[in-house]
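Take a look at the structure set out below.
Taken together, the values in this text are just the output of simple stated rules run on the coordinates, not laboratory data. In this text, all values refer to a predicted model and were calculated from it rather than measured experimentally. Here the Cβ positions follow ideal geometry from the backbone for every residue, glycine too, while neighbour counts run over all protein chains shown.
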Amino acid sequence: MPWTKVFLAKEDLACFGPGEGLRGLTFVQALLEAQTQILENDPSAFVIGEGVNDSGGVFGSTLGLADRFGPKRVMDMPIAENGLTGIAAGAAAAGMRPIFVHMRMDFLPMCMDQIVNHAAKWHYMSGGALTVPLVIRSIIGRGWGSAAQHSQGLHSLFLSVPGLKIIAPSTPYDAKGLLMEAAADNNPVLVVEHRWLYGSVGYVPEAPYREPFGKALVRRPGRDCTVVAISQMVYEAMRAAADLEAQGVSVEVVDPRSLKPLDTETILASVRRTGRLVVADVACPMGGAASEIMAAVLETDPGLLAAPAVRVSFPEAPTPCSPVLEEAYYPGARHIAGAVKKTLGLSDHG
Amino acid sequence: MSTSSDCAPASPAPSRDVLRGLLETMLFIRLFEEKIVAVYPDQDMKCPVHLCIGQEAVAAGVIAHLRPGDYLTSTHRNHGHCLAKGVDPGILLAEFFGRASGCCRGKGGSMHPMSPEHGILGTSAIVGGGIPHGVGHALAAFLRGQDAISAVFFGDGASEEGSFHESLNFAALKGLPVVFVCENNHYATNSPLGARQPNPDVHRRAQGYGIPAERLDGNDVEAVYAAAGRAAAHARAGLGPYFLECVTYRWKGHVGPDCDYEKGCRPKDELFDWMERCPVKRFQSRIEDAGIMDAAGTQAMIAAISARLDAAVAWARGEKYPDAAEAVLGVYAPAEV
Ligand SMILES: Cc1ncc(C[n+]2csc(CCOP(=O)(O)OP(=O)(O)O)c2C)c(N)n1
Ligand SMILES: [Mg+2]
């Protein structure tokens, strides 16, 4: 399936050949196209965020939207994240459909009160009468000494907030389809975007489409171990799987795509086949999505696992600045491969 | 640099020594930033840098009134503040180069320097994040009956955050010894002030909380020095907070060593107009014209600073990286510190 394939290199896009009506886009182009079509098709939608109208256009993801749709549809804002989240939520309750953009996920803690105490609960608290259709895009940074306040994956903090949905697209196809679904959803939706995904490529249909939440995908079938990989970790897992294949180990990579709702069925079906589980996330481990995925297995049938499950996540520490510390901090394909081998009782050498 | 106690805030006309000191501080900051511009293409300084070229007069003029025991809180754009408060340039550069002898042992980088012995208790790059901390430092001094004051530097953009308003209100309520210094450089990243605030007079917000506030030419170091003298004296006398809005302009892009007008971030003419009003050149001419130093004297000063900074850069680059194992250490403070 061209739509669900993960391409590790730009050149690989050619594999389906021209003339099949397939169009390659980068992740960031897909985000931009989704927002363009949302603004075109829904007059109540608007985009708001720091720098959404400037020459950088939030790493290119909002580039040109302000020129095309004008300042009422694409709004720069004061640096006042909590207040503006409340304002966006209020506008949403009053019938608008805002898309709030954050250059870094690290700014979400500023908005915590309005997301957690207000937007997420408004529908419930109103006895179902009110809705807050608010999309919050947030980007996880990495590298070049971004350090402790510009590189966090904070989706775990929001997992325990009923009323909020959380999606984590990893491919251009999902970037567009899941974002369009988020814009159509009547609940607040948090979009987790990893900056390192922005240049990744894949096939994306030109016409608007929506990908439903709560449907995980098997990105690569395998027999020996299931790796559930979130966001940018999908690519690391695919690389690890390729490396391990050369060593005779067959890895199944599952991409949950949305964390809340979480498609436990697909994950469990995979674990049932392989009997082994590794979960990789772009976040610190405690109380996170990886723990939640493991809990789903335990709650269903602990007997599914032939070996203890392993998490691959950021260490239990803030992000350091120095390049050698950064290098030591981030897990990647090598760590995932090591974790897989651990579940198989293989030594991690060679 | 700076912080000499001969900068008596009450004295209306600064001494020739003070004037020379102000020039030296400004030159020091300018040349420090220019060294970063020079080495950055080597890609050895692997962290984002927010340069303050064009804004040196604010750091120099305000911090000249601070004593070693006073607190200072800054932002992502902190190099000038740290240097003016006396932090060693080599220790800062080592931090920016990610080396173990940096002020945060390589964990912080350019956005998060700290130096407790200089009253700099950490630096936040969350906009508005440092303002309440600076007020908290003043609260600690106030509760302990110390005469330290707290200088809190932030940008025009930070004045939009709730933390700004909450901090001003509390500082005024408790009469805390804070000098708030807004460096209004007209931009927050690429967003002009007019796109973010309906009333560009940031200091009026402070007046709303009953805090005495002034708006001044932040490129005129003598004006900054005079106003900061009033502010520091006010805070030190236990009269509560004081607010300075220093109007200035940054020359480089928001982040990084390049100019940004080619990328369409702001009008070229605007930048060039402000470069005409260079705070350093302007004051250097003033000093030379007044006969306080001659051209040979200022050139010698520049050469000496440049040599010291070259040595600092060389030293910092020669320092070792931290041990990789450090990455996950130091998350919690030990029971005994
Ligand atoms: C809470 C928060 N929101 C957004 C950002 C991204 N950001 C970093 S610096 C900056 C502009 C700050 O402008 P200002 O306060 O005027 O300081 P200046 O950069 O002009 O010195 C922004 C928006 C951030 N670091 N923190
Ligand atoms: Mg500014």
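Observations on the structure shown:
- Derived value for the stretch A:231-350: Kirkwood hydrodynamic radius 14.9 Å. Basis is the mean of 1/r over every pair of different alpha-carbon atoms.
- Lys-Lys pairs in the stretch B:185-337 that are eight or more residues apart or on separate chains and whose Cα atoms lie under 23 Å of each other come to 4.
- FRET efficiency estimate (nearest 0.05) - Cβ-Cβ, A:Glu265 to A:Phe16, R0 41 angstrom: 0.90
- Lys, Arg +1 and Asp, Glu -1 on Cβ, resulting dipole of chain A about Cα centre, debye, nearest 20: 340 debye
- Computed log₁₀ I(q)/I(0) - Debye formula, equal Cα scatterers, no solvent, the stretch A:114-246, q 0.10, 0.14 Å⁻¹: -0.40, -0.75
- Listed residues A:Ser146, A:Ser258, A:Ser170, most fluctuating in chain A (Gaussian network, C-alpha, under 10 Å): A:Ser146
- Size of charge dipole - the stretch A:10-205 - debye, nearest 20, with Cβ of Lys, Arg +1 and Asp, Glu -1, no other charges: 200 debye
- All distinct Cα pairs of the stretch A:274-325 go into the 1/r average, and the inverse of that average, the Kirkwood radius, is 12.3 Å.
- Taken over the C-alpha atoms, the stretch B:132-181 has Rg and Dmax values of 10.5, 33 angstrom.
- Amide H contacts under 5 Å for A:Val251, placed H, 5+ residues apart: A:Arg223, A:Asp224
- Zero-based 20 Å bins, Cα pair distances in the protein assembly as shown, whole percents: 17, 47, 29, 7, 0
- For the stretch B:2-317, the residue among B:Pro200, B:Gln299, B:Cys182 whose Cα projects farthest onto the positive side of the dipole built from Cβ charges is B:Cys182.
- Available extension along the chain between A:Ala207 and A:Ala242 is 9.3 nm, counting 0.36 nm per residue and deducting the alpha carbon span.
- Over the stretch B:84-124: Kirkwood hydrodynamic radius from C-alpha pairwise inverse distances, Å: 9.7 Å
- Over chain A, volume per residue of the alpha carbon convex hull, in Å³: 137 Å³
- Charge dipole of the stretch A:217-344 about the Cα centre (unit charges at C-beta), most positive-ward option of A:Met286, A:Ala269, A:Val324: A:Ala269
- Based on every Cα atom in the stretch A:109-181, Rg and the maximum pairwise Cα distance Dmax equal 14.5, 47 Å.
- Remark on the stretch B:28-186: Rg and Dmax equal 15.2, 50 Å (Cα only).
- A convex hull fitted to the Cα coordinates of the stretch B:46-92 yields 80 cubic angstrom per residue.
- Relative to the 2.2 N^0.38 Å rule of thumb, the stretch A:210-283 has a C-alpha radius of gyration ratio of 1.03.
- Percent of Cα pairs exceeding the 23 Å cut-off, where the set is the stretch A:10-205: 41 percent
- Along its first, second and third principal axes, ordered by size, chain B spans 58, 50, 43 Å in Cα coordinates.
- Furthest towards positive pole of dipole, B:Val313, B:Met45, B:Ala140, structure part chain B, Cβ charges: B:Ala140
- Basic side chains Lys and Arg get +1 at the Cβ, acidic Asp and Glu get -1 at the Cβ, and with that the dipole of the protein assembly as shown about its Cα centre reaches some 780 debye.
- Computing Rg and the Kirkwood Rh from the Cα coordinates of the stretch B:123-278 gives a ratio, Rg/Rh, of 1.00.
- Proximity of backbone amide H atoms, modeled 1.01 Å from N, is registered between A:Arg311 and A:Val279 at under 5 Å, excluding neighbours fewer than 5 places apart on the same chain.
- Straight Cα distances below 13 angstrom link A:Lys72 to none of the aspartates and glutamates, with same-chain residues fewer than 8 positions distant left out.
- At q = 0.21 Å⁻¹ the log10 of I(q)/I(0) for the stretch B:210-337 amounts to -1.15, computed by Debye summation with a single uniform scatterer per C-alpha, solvent ignored.
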